[in-house]
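Asks: This is the structure I have questions about; it appears just below.
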Amino acid sequence: MFEELYTDQQIELHNRTRELAESAMRPVAAKYDEQQTYPWEVQHAIRDAGLSGVWIPQEYGGMGGGVLDLCIVVEEISRVCGGMGVGFAVNALGSFPIMIGGTDEQKERWLPAIAAGEKLIAFGLSEKKSGSDAGSMITTAKREGDCYVLNGEKKWNTNGAVASFNTIFAVTNPDRGARGISAFVVEEGTDGYRVGKHEDKMGIRCVPVVEIHLENCRVPADNLLGGDEGRGFKHAMITLDRARPGVAAQAVGLAQGALDLAMGYTHDRQQFGQSVSSFQGVQWMLADMATQIEAARQLVHHAARLIDAGAKQISKVSAMCKLMATDVAMKVTTDCVQLFGGYGYCKDYPIEKFMRDAKITQIYEGTNQIQRLVIARNMLRESAS
Ligand code: CAA
């Protein structure tokens, strides 16, 4: 980290998170990956270290940091475990719609418990038949008296099985397309809200990714974010613009963590009577990886700074950093497995997990094909104006 470019708080945040990741996360990462269970001890350590509400305003009990602060923390966690990185970051994804579209009363109701690390929140946009085409969702919310009755299923709900709150998007007016979608905060324990299938995943295995079933689920009308129907899709898009740098930071952390391991391994490993890292071919690989990671990190931090500065047009740069950093993570983690040779392919060494964890970053919060679509649409709009 170039200390000249960051505030004292950001440097402290970086150092605090690295220390916590090394002491409380790295030693248990393989165990939770193997068991595919949620690491509550890690969640409690994050809470006790005061990191849970980094992105939440101070008036709601958070640290009052921005997207850059969030990215710094996510990168450091992901440097030791990509699953723990997303397990943390998804709370920002779930709470951004409240921060963006919620009333003061709603912010007061839900944000302090998230900021304190007492409650977790998930994000329910995707469905079985609506992934990239998020606007084609079919989950409905019908007003009945002082409630909305939700019916449908949500898919790929990260942390859904452990979260107390879930930001659920549903159609309140089927005649209005994307403008007929609204966002609700549904609390765990609400009648008709049920966690369904747990996915058996290639990577990020310590976080539960589940289906959420909504069966005549009656949600108080004042859980409709903002109090107005029809603003949910826009708020989901604004949320994704703010959250995608977090996925990109997860990718940078995974790539950096893999490279750090590969540096150590190629230094120690002797072949042909010398350290493997003394071969020029290996050195060029290490240099290329470090260069790609630094370029990705700087694009992520640039996007985060623009968002924190209140820039209006952030969709393009947010999509760019997600696209670039996650492709770098996939390439770097694959090359690092290569540097470990046969050992890299086996679970005796931690490196193969980085490659498995990296793959999902190219897929969730919008596939990298969707990122290209967002980038190109914005380029064409800019050139036309
Ligand atoms: N900011 C504000 N408003 C936006 C916006 C943005 N970035 N993007 C679109 N909108 C608005 C448009 O202005 C339009 O509003 P009006 O009707 O008022 O004109 C409305 O939203 C519809 O816009 P489009 O016609 O452009 O929408 P579209 O149907 O063509 O879809 C898309 C656009 C970018 C492809 C969008 O569907 C998308 O982002 N898809 C990917 C979804 C995604 O990322 N899903 C991941 C979910 S989270 C997850 O992965 C799980 C997890 O738990 C980690």
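Asks: Could you figure out which of (1) more than 24 Å from G310 (Cα to Cα); (2) under 20 Å from the mean Cα position of the chain (by Cα); (3) part of a helix (DSSP H, G or I) isn't true of F96?
Replies: (1)
Asks: Identify, from the list L93, L111, L51, L70, the residue that is within 25 Å of R297 (Cα to Cα) and away from the ligand (no atom under 16 Å from the Cβ). Walk me through how you get there before you give the answer.
Replies: Numbers: L93 fails: away from the ligand (no atom under 16 Å from the Cβ); L111 fails: within 25 Å of R297 (Cα to Cα); L70 fails: away from the ligand (no atom under 16 Å from the Cβ).
The match here is L51.
Asks: Tell me which residues, restricted to the stretch 198-214, are open to solvent by 20 Å² or more (accessible area, probe 1.4 Å) and part of a strand (DSSP E or B).
Replies: Of everything in the stretch 198-214, those that are open to solvent by 20 Å² or more (accessible area, probe 1.4 Å) and part of a strand (DSSP E or B) turn out to be H198, H213.
Asks: Further question: Report those helices (runs of 4 or more DSSP H) wholly inside the stretch 268-385 carrying at least 2 residues which are among the acidic types (D, E) and out of contact with any Gly (no Cβ under 7 Å at 6 or more places or on another chain).
Replies: Result: 280-308, 315-339.
Asks: Still on this structure, please answer the following. Of the residues V162, V185, V219, which single one is hydrophobic (A, V, I, L, M, F, W, C), in a loop (DSSP other than H, G, I, E, B) and either touching a Lys or Arg at 6+ places or on another chain (Cβ under 7 Å) or modelled with pLDDT of 95 or more (or both)? Break it down stepwise before answering.
Replies: Values: V185 fails: in a loop (DSSP other than H, G, I, E, B); V219 fails: in a loop (DSSP other than H, G, I, E, B).
Among V162, V185, V219, only V162 is hydrophobic (A, V, I, L, M, F, W, C), in a loop (DSSP other than H, G, I, E, B) and either touching a Lys or Arg at 6+ places or on another chain (Cβ under 7 Å) or modelled with pLDDT of 95 or more (or both).
Asks: Which members of the stretch 222-234 meet the condition of being under 13 Å from T103 (Cα atoms) and part of a helix (DSSP H, G or I)?
Replies: D222, N223, L225, G226, G227, listed by residue number.
Asks: Take the residues in the stretch 63-93 that are more than 12 Å from the chain's Cα centre (by Cα) and closer than 22 Å to P39 by Cα; name whichever of them is most open to solvent (accessible area, probe 1.4 Å).
Replies: Per the stated criteria, the residue is R79.
Asks: Filter the stretch 118-148 for residues that are assigned to a loop (DSSP other than H, G, I, E, B), more than 8 Å from the ligand (Cβ to nearest atom) and among the hydrophobic types (A, V, I, L, M, F, W, C) and give the result. Explain how you work it out, then say what you get.
Replies: The initial filter retains those residues of the stretch 118-148 that are assigned to a loop (DSSP other than H, G, I, E, B), namely 118-120, 125-126, 128-129, 131-133, 137-139, 145-146.
Checking the rest, the ones that are also more than 8 Å from the ligand (Cβ to nearest atom) come to 118-120, 128-129, 137-139, 145-146.
Within the stretch 118-148, L120, M137, I138 qualify.
Asks: Any idea which residue in the stretch 43-55 is modelled with the lowest pLDDT, counting only those that are within 15 Å of Q9 (Cβ to Cβ) and crowded, with 19+ Cβ neighbours inside 10 Å? Outline the logic, then answer.
Replies: Applying the first criterion (within 15 Å of Q9 (Cβ to Cβ)) to the stretch 43-55 yields 49-51, 53-55.
Then keep just the ones that are crowded, with 19+ Cβ neighbours inside 10 Å; that gives 51, 53-55.
Numbers: L51: 97, G53: 94, V54: 97, W55: 98.
Of everything passing the filter in the stretch 43-55, G53 is modelled with the lowest pLDDT.
The values are calculated or read from the model by the stated rules, or taken from the named source; none is laboratory data. Note that the structure is a prediction, hence the values are computed from the model and not measured. Every residue, glycine among them, receives a Cβ derived from its backbone with ideal geometry; neighbour counts consider all protein chains shown. These accessible areas exclude ligands, DNA and RNA; they are computed on the full protein's heavy atoms, side chains included. Shrake-Rupley method; radii C 1.70, N 1.55, O 1.52, S 1.80 Å.
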